[in-house]
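The values are calculated or read from the model by the stated rules, or taken from the named source; none is laboratory data. Bear in mind that the values here come from a model prediction, so they are computed numbers and not experimental data. Note that we place each Cβ from the backbone using ideal geometry, even for glycine, and neighbour counts take in every protein chain shown. In case anyone asks, the SASA skips ligands and DNA or RNA and just uses the protein heavy atoms, side chains included. Shrake-Rupley method; radii C 1.70, N 1.55, O 1.52, S 1.80 Å.
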Amino acid sequence: MAGSCHGSPGEVGPTGLPKVVLVGAPNVGKSVLFNLLTGAYVTVSNYPGTTVEVSRGRGRAGECEFEVIDTPGMYSLLGISEEEQVSRRLLWQERPDLVVHVMEARAMDRSLSLTLQLLEAGLTVILVVNILDEARRLGLEVDLEKLSRRLGIPVVGTAAVRGQGVDLLKKAIVERLTGRPAERVAV
Amino acid sequence: MSLQITYEAPLEEAVARICELLQGRYPFSKRAVALLLLQGDAEMQAEVAATEESKSYELVQEIVRQTQAGYQRPLNFVIAQWRQQATADLAADVVGQQAQSPGRSLADWLGWLTMWPVTGIPILAVVLYFGLYQFVGVFGAGTVVDFLEATLFAGYINPWVNSTVQIHVPWMVLQSLIAGDYGIITLGVRYAVAIILPIVGSFFLVFSVIEDSGYLPRLAMLVDWLFKRIGLNGRAVIPMALGFGCDTMATLVSRTLETRREKLIATLLLALAIPCSAQLGVILALLSGRPTAMALWAGFLLLVFLLVGYLTSRLLPGSRPSFYLELPPLRLPQWRNVLAKTLIRMQWYFIEVFPLFVLASVLLWAGQITGAFGVIISWLTPVVEWIGLPGETARVFLFGFFRRDYGAAGLYDMAGTLTGQQLVVAAATLTLFVPCIAQFSMMLKERGWKATLAIVVFIFPFAFVAGYVLNLALTWLGVAA
């Protein structure tokens, strides 16, 4: 049943489905994940700022259906550029059930600040550390479990372009939406 | 419980006092709202002012003022720095450098070479030559268009449509709607399918490969200094480069630029001096046998681009933008993504273009029947003759009014009758001349009617005056194109 995964009392949109919003800095792979989660296609490129408008699609994982929203890149809740303001406004107005913060493994020192701000705002957050494959090639190892412990939220590692880790992300989304205690997942 | 950071005492104190004053319900926690207020977020101020009683909002403002007074630097800087510290500690704790960094990889080197002017400019020239000229111009607009146009349409489809219509449709008027010079199929569909689609398709293919490789942000670094002089910065490379594909799409993307001023300049330059791929392909094909003509056309447009940009940036008030762009690594494009993106863009373009082509055919047909067409052409004829073109080219400019590419395709049709100099002048004027209907409506949507109207009122006479000057200069200099 579609509604059965709706665990939190967020605002229900016109689709009646729980809302999952993808946020993060530009060019970290939000649109790739959007495509993988929804089976739709939005334009993906290798430069920051490809997504200038909000895209919506329908995602499914197990018996759980949800609305997925892709947003233009943002570095901080304090929006400076127009795209950042679009994304902030969306978080403010849509009252998402779940925010998936996507970041690039190599830029974690700059990106985690947004995670902290999302948590500060009282949003329910899953962190996705993407492009792990390139980071590994550069000799970077990210301790996802430790990060998950310290932040107190689920952390999923992915290499979205290769489709790696997407199942784990889906699992984490379902767990968060159904309100069952989230398992700490890592690749 | 998820991690919450604690700021230094004066900030925490201010946050606590603001939280106490906030009575409304907000989508974000009160703590986050308080912090955004301390950072001077205008939208949050409006939100809170609308929700709270004016007395408590005044008190909130007072707390923000007092807290700021305790710091030398702006609060948003202090808060960002505090967070940065917490973030860096966290990252250092969970990210480990396992192996030694393998030094500069081949991709790093290549990436650096594309940005160093000495090597970057030749690399740009190579990319333009093979990507644009050879692939889009010679292959797309030449080989593929020749096949579709000459073999398929001229050889089979048009004669068949013409004869079928003549046999089965008894009325002359209706005959000319479907077939003949301005028929929906013989003109509209032919232009859309046989001339425009292969050109646009080959451009989108090249563009997808380039954008997925990560070359564009590096190009942005390379030309940043040049763009600064025309009131833009390197960031504007992306909408400008996309403009060579479709100016309508590029006008939409210009919203990624930071200031209103930059957006306005970019919109103007896109409307004026950046030919879209359909136009570009047709013009490249037209001028491909004449290197001098091609160089004159390209040089003239570049000159107009820089000159108008420079003057606009002088005239429009506002500061020069600073530039910061994240550099993604150079990557080998994934062919599946490239193909998917090319197809999506072609589809977007075709859905956008096809009805307009048919509509334009119908309008031209109606214009022909009612004689309105003849009247407008008779107005335009002296104008095109003034810039040294034969009167018949008036028709091409009228086409161009419906769509950029439509006009260029019309020029393609009559290329045989023009001299080299006339081709250069016609191609240049047509490139400068009106943005197409789709771009016009996008400009309205993105920039508002005032700015759009100003741009169009500027472009109309400017295109013809520029064409006149170019024609005069070519005649004086005696350049044989």
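Listing for the model above:
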{"quantity": "The stretch B:10-101, relative contact order [Cα under 8 Å, separation at least 6], %", "calculated": "30"}
{"quantity": "Amide proton proximity set for A:G157, modelled H, under 5 Å, gap of 5+", "calculated": "A:V129, A:V187"}
{"quantity": "Table column - 3J(HN,Hα) (Hz), the stretch A:140-149, Karplus curve with 6.51, -1.76, 1.60, x for Gly and Pro", "calculated": "8, 10, 10, 8, 5, 5, 5, 4, 4, 4"}
{"quantity": "Distance histogram in 5 Å bins (all Cα pairs of the stretch B:110-234, percent per bin)", "calculated": "2, 10, 14, 13, 12, 10, 8, 8, 7, 6, 5, 3, 2, 0"}
{"quantity": "Nearest-20 debye value, chain B charge dipole, Cβ charges on Lys, Arg, Asp, Glu", "calculated": "460"}
{"quantity": "Positive-end extreme of charge dipole, the stretch B:9-88 - chosen from B:N76, B:I63, B:Q45 (charges on Cβ)", "calculated": "B:N76"}
{"quantity": "Three principal axis lengths of the stretch B:117-477 [C-alpha, angstrom, descending]", "calculated": "66, 46, 41"}
{"quantity": "Cα pair distances in the protein assembly as shown, grouped into 20 Å bins until the bin that holds the longest one, percent each", "calculated": "17, 44, 30, 10, 0"}
{"quantity": "Subset of A:K30/B:K341; A:K171/B:K341; A:K30/B:K228; A:K30/B:K30 violating a 24 Å alpha-carbon distance limit", "calculated": "A:K171/B:K341; A:K30/B:K228; A:K30/B:K30"}
{"quantity": "Relative contact order of chain B, defined on C-alpha pairs under 8 angstrom at six or more residues apart (%)", "calculated": "15"}
{"quantity": "Cβ crowding within 10 Å averaged over residues, with B:157-163, A:23-29 ranked highest first", "calculated": "A:23-29, B:157-163"}
{"quantity": "The stretch B:165-214 and the stretch B:1-75: distance between their alpha carbon centers, rounded to Å", "calculated": "59"}
{"quantity": "Angle between chain B longest axis and helix B:277-287 axis [Cα atoms, degrees, rounded to 10]", "calculated": "40"}
{"quantity": "Accessible surface ranking that places the most exposed of B:Y310, B:Y349 first, with a 1.4 angstrom probe", "calculated": "B:Y310, B:Y349"}
{"quantity": "Neighbourhood net charge (12 Å Cβ-Cβ; Lys/Arg +1, Asp/Glu -1) for B:R190", "calculated": "-3"}
{"quantity": "With every protein chain in place, the protein assembly as shown: carbon and sulfur % of accessible area (1.4 Å)", "calculated": "63"}
{"quantity": "Set of aspartates and glutamates with alpha-carbon distance to B:K55 below 14 Å, sequence-local pairs under 8 removed", "calculated": "B:E20"}
{"quantity": "Solvent-accessible ranking of B:T256, B:T417, largest area first, probe 1.4 Å", "calculated": "B:T417, B:T256"}
{"quantity": "With Cα atoms, 0 to 90° folded angle of helix B:197-213 axis to chain B main axis", "calculated": "30"}
{"quantity": "Using distinct alpha-carbon pairs, which all enter the 1/r mean, Kirkwood radius of the stretch A:30-160 in Å", "calculated": "15.5"}
{"quantity": "Where Rh is the Kirkwood radius over Cα pairs, Rg/Rh for the stretch B:9-88", "calculated": "0.96"}
{"quantity": "Amide H partners (placed H, <5 Å) of A:N27, local residues excluded", "calculated": "A:G49, A:T50"}
{"quantity": "Percent breakdown of C-alpha pair distances by 10 Å bin, ordered from the shortest bin, for the stretch B:260-347", "calculated": "13, 26, 30, 28, 2"}
{"quantity": "Charge context of B:R331, other residues only, Cβ under 10 angstrom, K/R +1, D/E -1", "calculated": "-2"}
{"quantity": "Nearest 10 degrees, 0 to 90: helix B:260-273 Cα axis against chain B principal axis", "calculated": "10"}
{"quantity": "For the stretch B:233-307 and the stretch A:62-127, distance of Cα centres in Å", "calculated": "34"}
{"quantity": "Residues whose placed amide H lies under 5 Å from that of A:R58, excluding near-sequence neighbours", "calculated": "A:V68"}
{"quantity": "Mean separation of Cα contacts under 8 Å (6+ apart) over length of the stretch B:249-354, as relative contact order %", "calculated": "29"}
{"quantity": "Most to least accessible of B:M1, B:M115 (protein chains only, probe 1.4 Å)", "calculated": "B:M1, B:M115"}
